[in-house]
Every structure is written in C-alpha cells, then in structure tokens.
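Report on the following structure.
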Amino acid sequence: MNPVDYLRISLIDRCNFRCQYCMPDSQALKFLGLSEVLTASELLALIGEVFIPSGFTRFRLTGGEPLLRPDVLQIVEGLVAFPQVKDLAMTTNAFLLANMAQALYEAGLRRINISLDSLVPETFTIITGRDVQGRQRWQQVWAGIQKAYDVGFNPLKLNVVIIPGINDHEVLDLAALTLDRHWHVRFIEFMPIGNADLFGDRGWIPSQDLRDQICDHWGLQSGQVQGNGPADVFQIPGAKGTLGFISQMSECFCDRCNRMRLSADGWLRPCLLNETGQLDLKTPLRARVPTSLLCEQVQDLLELKPEINYKDRQSGTMGASYTRTMSQIGG
Ligand code: SAM
Ligand code: SF4
C-alpha cells in the first residue's frame, strides 16, 4: 500500500458550468447553503490540526469550481504557510482564471490542472452546458490557460474526458497541444458518477484505444511529469509536453491509492468509488470537540481504507450507489 498523504479538497459544490458528465441536467442538484460550507478558517484549522498531524502533506483544491470561492486566495496563502505542505495544486475550469492567475501565483500556487474537453467552441458549449455564452466561453477558458502559462504555472496540465460521439474525433488535436508547448494533456476515462443517462447512452473509451490512435500517428515514448496521481505518462517523440492517461475504468489501481477527499461541507471520504466510511468533520469541529479526537477518527479511517478501496469493484456495482455527483464529491 502507498502511504495516504494526499487530500483533495472541494472548496465549493457549485459551478458556473454544467458539464454533461458531471452535473447533467437530468440530475436534481441540491446545493449546499452558505452556512453548511466550511469557512476558510475552519478548513485551515482542519488542515493544521487534523490532516497534517495525520500525515497529509499534499493537497489539491477542487470543486465544483474552486475559483467561485471569494476567499480562494486566503485559502491558498493559508495552505502554503504550513511548512509541512510539500505540494499544493488546483483543478479549475479556467473560466475565471485569466483575471486570477497572477494573484493565485503570488499567493503561492504553482501547479494547476485545467479541464478542456474540446478545441471546438461549439462542442465545448455542448459539453459544458447548453445555455450561456457559446463561443465566448471557450475563448475565455483558452485565455485563462494562456495566462496561467504566461504567469509561470508549471506543470500546467489539461484534463480531457473523451465521450464517444461527442469529442472522440479530437483526440489527435488535443494531443497535438503538447508538441510545441510545455503543456501536459491528461486523458481521464469517463466514469459513471451521477450521470447514468449519458453514460448508459454513450459508454466510455479505454485509454489504450486513445494511446493506440496517438501512437499510430506520431509514435509514443514514456515520459515524466510532476504529479501525485495514477496517470501513465507518455510523450510524443520531440514534444515539449507530455500525455497522461488516467484509466480508472479499465485498470484497477485501488491498491496504489494515496488519497482521500474532503467535501465542501466537511465530509471526509476515503474512496471516490463508494461511500463507505464517510466521516463528518464539520459538526464536531463546530461543536468544539477537541481536534485531537478528530485526529484519532481520521487515523481509524486511514486504517480501514485498504478494505474500503476495493468494495464496489469487488461487488461489480461501481457507481451504482452514488448519491453525490463528481462536482459534489470534489473530483
Ligand atoms: N470545476 C473544476 C474542473 O472542471 O476542472 C474542478 C472540479 S471537476 C469535478 C474535476 C475533474 O473531474 C475535471 O477535470 C472533470 O473533467 C473531471 N470529471 C468530472 N466528472 C467526471 C466523470 N464522470 N468522469 C471522469 N472525469 C470527470
Ligand atoms: Fe463544473 Fe468542473 Fe463539473 Fe464541469 S467538471 S460541471 S466545470 S465542476
């Protein structure tokens, strides 16, 4: 087993996009009230008094859309101020990034992942939600990516979810982004989380098929990039950036899992793929239960994690019991 030292923190369950695979229209979403969301000081107290003493040293801010949090800079500054924090990264849809990239960098953030599922503005609009801004939305995201690159975020990774019949014809175009830029494109297999209709209708494409397509066109060699995840990393010969493949559907890497997830309302979740063992940290924190007791509960959960990891895979019910979407869990 890998040591579990990586925490993905959902700062907010809301989002300015409605990606079909993450917050589908068919899913009745009930958002958290403001008072239910951990405040910046509660979150930083949990990190400093519970997670760092429990061995967590690497953190990612995600959501929902983390840049919708008005206090996101304060949270970044607070996190990087802990000397034990070895790594801090963020996953964002970049819609608000062009104006915030410089300030985030100055606050101490150095690593960023940006979701970009299409290079075609119309397709991007179909994937990320039907209503607002069309072409302008893709351009604003693209401007955010460029700005983050100019400001110096490194590595800068682009997360791509390929959905059959929607953006699968763009695999080579998206991979080509790595040729002349130090950008790292990561193909994430589409997962059945809170999106039964779309998933049932479309299915998913194994990473190996995407790799074969790219390899047939350019060739592929193994590559390297800084990260905390389970990506298999490759490189097109001569390219500046790399290609990562995250194959949680076609491969089981539960035995290598190094992470837990904290939801915006303070639930600690040991496994993405099932809801066993979730621990409410917000209620006891607000009731002023000593954080040493919370540490003990987290330690107990860390010990249980290896059993929890395989649960849904073994029963063949992966995704069946989800009551939360990816945006609510903190993907
Ligand atoms: N809003 C931010 C964003 O989109 O980058 C951060 C949160 S989002 C939930 C984090 C990542 O989860 C995104 O890269 C997104 O593509 C991925 N994701 C969401 N739903 C998914 C699904 N059903 N299967 C695979 N990846 C998914
Ligand atoms: Fe929002 Fe990110 Fe989910 Fe898309 S993937 S709906 S941008 S949280």
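The values are calculated or read from the model by the stated rules, or taken from the named source; none is laboratory data. Bear in mind that the values here come from a model prediction, so they are computed numbers and not experimental data. Please note: Cβ atoms are built from the backbone with ideal geometry, for glycine as well, and neighbour counts cover all protein chains shown. We work out accessible area using only protein heavy atoms, side chains counted, and drop any ligands, DNA or RNA first. Shrake-Rupley method; radii C 1.70, N 1.55, O 1.52, S 1.80 Å.
Dipole magnitude for the chain: about 540 debye, using +1 per Lys or Arg Cβ and -1 per Asp or Glu Cβ, origin at the Cα centre. For Ile205, the residues whose amide H sits under 5 Å from its own are Phe190, ignoring neighbours fewer than 5 places away on the same chain, with H placed 1.01 Å from N. Each 10 Å bin, from zero up to the one with the longest distance, holds this percent of the alpha carbon pairs of the chain: 6, 26, 36, 25, 6, 0. Under 5 Å between amide hydrogens, built in the peptide plane, is the criterion, and for Asn228 it picks out nothing among residues at least 5 positions away or on other chains. Axis angle, to the nearest 10 degrees, between helix 134-151 and the longest C-alpha principal axis of the chain: 70 degrees.
Summarise the accessible area of segment 1-148 (1.4 Å probe, protein heavy atoms) by the percent that is carbon and sulfur. After summing per-atom areas, the C and S share lands at 54 percent. Amide H contacts for Asp87 (H built 1.01 Å from N in the peptide plane; partners 5 or more residues away or on another chain; cut-off under 5 Å): Phe59. Restricting the count to DSSP beta bridges whose residues both fall in segment 6-329, what percent are antiparallel, rounded to a multiple of 5? Percentage antiparallel, nearest 5: 20. Here's the picture: charge each Lys and Arg Cβ at +1 and each Asp and Glu Cβ at -1 in the chain, and of Gln213, Tyr105, Cys22 the one pushed furthest to the positive end of that dipole is Tyr105.
Counting only protein heavy atoms and a 1.4 Å probe, the chain has 41 square angstrom of accessible area per residue.
Sorting 57-64, 103-110 by average packing, meaning the other beta carbons within 10 Å per residue, from highest down gives 57-64, 103-110. With pairing defined as another cysteine C-beta under 4.7 Å, the cysteines of the chain that fail it are Cys15, Cys215, Cys252, Cys254, Cys257, Cys271, Cys295. Relative to the longest principal axis of the Cα atoms of the chain, the long axis of helix 97-107 lies at roughly 50 degrees. Return one number: the angle in degrees, 0 to 90 and rounded to the nearest 10, between the long axis of the Cα atoms of helix 207-218 and the longest principal axis of the Cα atoms of the chain. The helix 207-218 is inclined about 40 degrees to the chain. The spacing between segment 133-190 and segment 249-280, judged by their C-alpha centroids, is 26 Å. Other residues within the sphere of radius under 10 Å centred on the Cβ of Leu119, judged by their own Cβ, net out at -3 (K and R +1, D and E -1).
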